[in-house]
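Since the structure comes first, as structure tokens, the remarks are kept for the end.
The values are calculated or read from the model by the stated rules, or taken from the named source; none is laboratory data. What you are looking at is a predicted structure, and each value in this text was computed from that prediction instead of being measured. Here the Cβ is made from the backbone with ideal geometry for all residues, glycine too, and neighbour counts use every protein chain on show. These accessible areas exclude ligands, DNA and RNA; they are computed on the full protein's heavy atoms, side chains included. Shrake-Rupley method; radii C 1.70, N 1.55, O 1.52, S 1.80 Å.
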Amino acid sequence: MSSPKRILFPYVGDSVGGSHISSLTLAQGLPPARYVPVVAQHDDGPLSQYLSELDFSAAFAPKVTFLNTGPYRKQFLKAWVGVPKLVRFLREHRIDIVHTHDIRMHIIWGMAAKRAGIPHIWHQRTPTTAKRLDKYTAHAAKVLAVSEYCRSKFPPAMQRRARVLFNPFDIPEPANRPAAQANLLARLGFAPKTKVIGFIANLDTRKRPLLFVEIAKALVSQGRNDLRFIMLGEARAPHIDDLNSAIQSAGLADVVQHIGPQYPIAPWMAGLDLLIAPAVHEALGRTMIEAQLFATPVVASNAGGNPEIILDGQTGLLATPDAPQAFADAAIRLLDDPHFTHTLTSAGKVRAEQTFSAERHIAAMLEIYDSLA
């Protein structure tokens, strides 16, 4: 029997986001008799803690200059100096396939893989229109996109080559939602009959955190004093200052709380009465899929890859982007019609399990790896 092929998953290491969660879910699920994941990081940072929690030991990759999609000539020579170091890393670790997941890794490791004669999988997890990517991806053995929306934004040659492969999700045990809701109310100190509406994302402008405050204001102004709004996710300046100012200006200091990142997310997601996802230009929003897996109702903006996750009126509701009253109206419909909401969440859970399961994703990736190995 031949020895298992070795797949390199390289990361910068300075952050932990959806691309890390998705790609490491894949790495964990590979059958060890066929494929061995080799995780590498360039910097010791937030990713180190996350890898430790997953019981992954990472190799440290050489220090190099990363390219981006900016002016090519100014960056190329600085980056090219580091390529021989990466080639040596590939040979020392006996890598058979390089699988990258963000733009900094795509370009520099793609150059090294080409020079080493190793297949490179360019896994694009964000929409991009950078024309130079047609050239950068020309030497990749495979180009993957996480949604049709994501693929539709690629430059022409890259778009023609790309295959859509949805991100993987572990299927959780069925949630006891009444118990989770009661626990969440107790944890937050809210009255027993309070309904909790959540926003789970970082405070980047694209995620529309300030719109969430406007939605809360629209609901409260309609006399919905039974509602409380919580925001979970990373907060950095100046976004947190803008958010606090918006909450104060709306007079919602006692109604809207920013709680910050929470791990694990499951007790929070299962305890919400409603998730609102107002983000735009999302390739494939994780929180909407996680909500469906916990049978938590969702209202999302009708933008980006959201319609590939939420089937409007079938598995959730879509609202006009950047229209707080449209979100408020959809929220009231779900909060006040339990039968309709149950129909949507039941269908959403089934579809999410069938469409976004880790098993489905891993099976598709194994076919790709097999074709290259």
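Quick notes
- No other residue among R208, R160, R177 is more than 29 Å from H106 (Cβ to Cβ) and either among the charged types (D, E, K, R) or buried (at least 16 other Cβ atoms within 10 Å of the Cβ) (or both) apart from R177.
- Unique residue being among the aromatic types (F, W, Y), assigned to a strand (DSSP E or B) and surrounded by 13 or more Cβ atoms within 10 Å (Cβ to Cβ) when the list is F190, F166, F199: F199
- For region 337-373, the set of residues classified as open to solvent by 60 Å² or more (accessible area, probe 1.4 Å) and within 29 Å of A141 (Cα to Cα) consists of Q354, E359, R360, E367, D370, S371, A373, listed by residue number.
- Within region 290-318, the set of residues being under 20 Å from E148 (Cα atoms), part of a strand (DSSP E or B) and touching a residue at least 40 places away in the same chain (Cβ under 8 Å) comprises just one member, S301.
- Complete set of residues in region 36-76 that are among the hydroxyl-bearing types (S, T, Y), at pLDDT 90 or above and either assigned to a loop (DSSP other than H, G, I, E, B) or over 28 Å from P4 (Cα atoms) (or both): S57
- Applying the set (1) touching a His at 6+ places or on another chain (Cβ under 7 Å); (2) farther than 17 Å from D102 by Cβ to L144 leaves exactly one unmet item: (2).
- Filtered residue count, region 124-157, keeping only those that are more than 16 Å from the chain's Cα centre (by Cα), among the β-branched types (V, I, T) and open to solvent by less than 40 Å² (accessible area, probe 1.4 Å): 2
- Close pairs from region 345-363: first within 19 Å of P31 (Cα to Cα), partner of a type in the set (G, A, S), Cβ under 7 Å, at least 6 apart: A358/G29; I362/G29
- Breaking point among (1) modelled with pLDDT of 95 or more; (2) in a helix (DSSP H, G or I); (3) open to solvent by 60 Å² or more (accessible area, probe 1.4 Å), for T25: (3)
- Restricting region 274-329 to residues that are under 21 Å from V196 (Cα atoms), of a type in the set (A, V, I, L, M, F, W, C) and out of contact with any strand residue (DSSP E or B) (no Cβ under 8 Å at 6 or more places or on another chain), the residue that is surrounded by the fewest Cβ atoms within 10 Å (Cβ to Cβ): A323
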